[in-house]
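The values are calculated or read from the model by the stated rules, or taken from the named source; none is laboratory data. Quick caveat, the model's predicted, so the values are computed rather than measured. Quick reminder, even Gly has a Cβ in these numbers, built from the backbone with ideal geometry, and neighbours come from all protein chains shown. Quick note on the areas: whole protein, heavy atoms, side chains included, nothing else; ligands and nucleic acids left out. Shrake-Rupley method; radii C 1.70, N 1.55, O 1.52, S 1.80 Å.
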Amino acid sequence: LYFDQAVERRQRSTHPVAVSLSGGLDSSAVYGAAETIRRRRRAQDPPVIGLSYVHSDHSLADETAYLREIEQLFGTTVECLPVAPASFEFEQARKEVWQGEAPFLSGQPSTVGALLDRAHGLGARVLLTGHHGDEVLVNEPYLIDLFRQFRWLRVWSDLREMPRWFTDAAPGIFARQFATNLIKHHL
């Protein structure tokens, strides 16, 4: 209920509404809700436009197979843009933070800038995303609390489980991040 309300309130526009769609659960849920709400309200409502930047290297970060399933489910097309080579451009980073609801950077400001420019070029004045849902919903500070309560087996168990949720993460990243956060917390 609250999720649909949040999406519906953000897609109020007389222009097309773009959704930055990765194929992951967060952005797919946003796209699905936006398209369902648009269809339920009025067929004459502006379209919901799916845009995605995709990895062409067939790595674990390539979620184009999920995008195709979304297209088939809704009978729509998701426009795919290539991921730009890694670089940092201050102006693009500033633009990314300005456009977002939270002060998060993707680490790919050139790619995000291209997606924002394409959305604007298609007439969109609103961009919905599911980006950073993982950072908001899956946060590790609870592990420090468990550690301080001497629940070390639970900490170890959760740290072993996290890579299954984030298949594109580097091996051992969560354990290293936890160790760093634990040291910082106690210093």
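Tabulated data for the structure shown
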| quantity | calculated |
| --- | --- |
| The chain, relative contact order [Cα under 8 Å, separation at least 6], % | 24 percent |
| Options Pro46, Gln108, Leu25, ranked by Cα towards positive dipole end of the chain, top entry (Cβ charges) | Pro46 |
| Helix 90-99 axis, angle to the chain major axis (alpha carbon atoms, nearest 10°) | 80 degrees |
| FRET efficiency estimate (nearest 0.05) - Cβ-Cβ, Glu140 to Cys80, R0 41 angstrom | 0.80 |
| Solvent-accessible area of Phe90 with every protein chain in place, 1.4 Å probe, in Å² to the nearest 10 | 140 Å² |
| Largest-first ordering by accessible area, 1.4 Å probe, given options Arg176, Arg118 | Arg176, Arg118 |
